[in-house]
1. Consider only pairs whose beta carbons are under 8 Å apart and that are at least six residues apart or on different chains; among these, list those whose first residue lies in the range 14-40 and is in contact (Cβ under 8 Å) with a residue 24 or more places away in the chain and over 17 Å from Tyr81 (Cα atoms) and whose second residue is open to solvent by 40 Å² or more (accessible area, probe 1.4 Å) and charged (D, E, K, R).
2. Inside the range 43-140, counting only helices (runs of 4 or more DSSP H) that do not spill past its ends, which hold 1 or more residues that are within 15 Å of Leu26 (Cα to Cα) and not β-branched (Val, Ile, Thr)?
3. Given the criterion within 20 Å of Glu16 (Cβ to Cβ) and among the small types (Gly, Ala, Ser), identify the matching residue among Gly132, Gly58, Gly125.
4. Output the number of residues of the range 75-132 satisfying the condition of being touching a residue at least 12 places away in the same chain (Cβ under 8 Å) and of a type in the set (Ser, Thr, Tyr).
5. Among the residues of the range 60-72 satisfying the criterion of being charged (D, E, K, R) and at pLDDT 95 or above, which is surrounded by the most Cβ atoms within 10 Å (Cβ to Cβ)?
6. Take the range 75-118 and flag every residue that is open to solvent by 30 Å² or more (accessible area, probe 1.4 Å) and among the acidic types (Asp, Glu).
7. Anything in the range 1-39 that is open to solvent by less than 80 Å² (accessible area, probe 1.4 Å) and in a loop (DSSP other than H, G, I, E, B)? List them, or say none.
8. For Ser45, indicate whether it is surrounded by fewer than 15 Cβ atoms within 10 Å (Cβ to Cβ), more than 15 Å from the chain's Cα centre (by Cα), among the polar types (S, T, N, Q) and within 24 Å of Leu123 (Cα to Cα).
Amino acid sequence: MDGKTDQQKLRVFLAEQQSADFRDKLRTVVISDDYEKLKDGFIKSLPDSFNMWKDFLGDGKYLAGDDVTYVDFMVYENLDYYRLFHPSIFDDFPTLKAYHSRIKNLPELQDYFNSPTYRRWPLFGPMAKFGGGGDPPKHL
């Protein structure tokens, strides 16, 4: 699941590195003691990150082309965290919303989501000001 061609493997590698950075940006904000001060500025910066993912995906079905790779699951999870953090984030990114839905609706993921081992909340450790516990967002 790491790409079939050298070009796909390169795209997977690049997406994996960007996915880690993408997740770390959110995690850094939500665990910060200054979360409330940082939150609004962070939300305003989200279109830049989402535009990067939109451009990287392009017209592709998946990040490396027509075949799902492991990095699609990483990016799906991160997009889902951002969707939970900011419920209207997909409003201006219909291609990312469709991509997110395409991954979410894979039969294997649906089996997992419907299994007793799946936990939707919390997202992060208890030190997080968002996603660290308490009640999940209403749009979960």
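The values are calculated or read from the model by the stated rules, or taken from the named source; none is laboratory data. Because the structure is predicted, anything quoted here is derived from the model rather than measured. For neighbour counting, all protein chains shown are included, and Cβ atoms are generated from backbone atoms with ideal geometry for every residue, glycine included. Keep in mind that these areas ignore ligands, DNA and RNA; they rest on the heavy atoms of the full protein, side chains included. Shrake-Rupley method; radii C 1.70, N 1.55, O 1.52, S 1.80 Å.
1. Glu36/Lys129
2. 70-85
3. Values: Gly132 fails: within 20 Å of Glu16 (Cβ to Cβ); Gly125 fails: within 20 Å of Glu16 (Cβ to Cβ).
Exactly one of Gly132, Gly58, Gly125 is within 20 Å of Glu16 (Cβ to Cβ) and among the small types (Gly, Ala, Ser), namely Gly58.
4. 5
5. Asp72
6. Glu77, Asp91, Asp92, Glu108, Asp111
7. Those that are open to solvent by less than 80 Å² (accessible area, probe 1.4 Å) and in a loop (DSSP other than H, G, I, E, B): Asp2, Gly3, Thr5, Ser32, Asp34.
8. On the way: surrounded by fewer than 15 Cβ atoms within 10 Å (Cβ to Cβ): yes; more than 15 Å from the chain's Cα centre (by Cα): yes; among the polar types (S, T, N, Q): yes; within 24 Å of Leu123 (Cα to Cα): yes.
Yes, satisfied.
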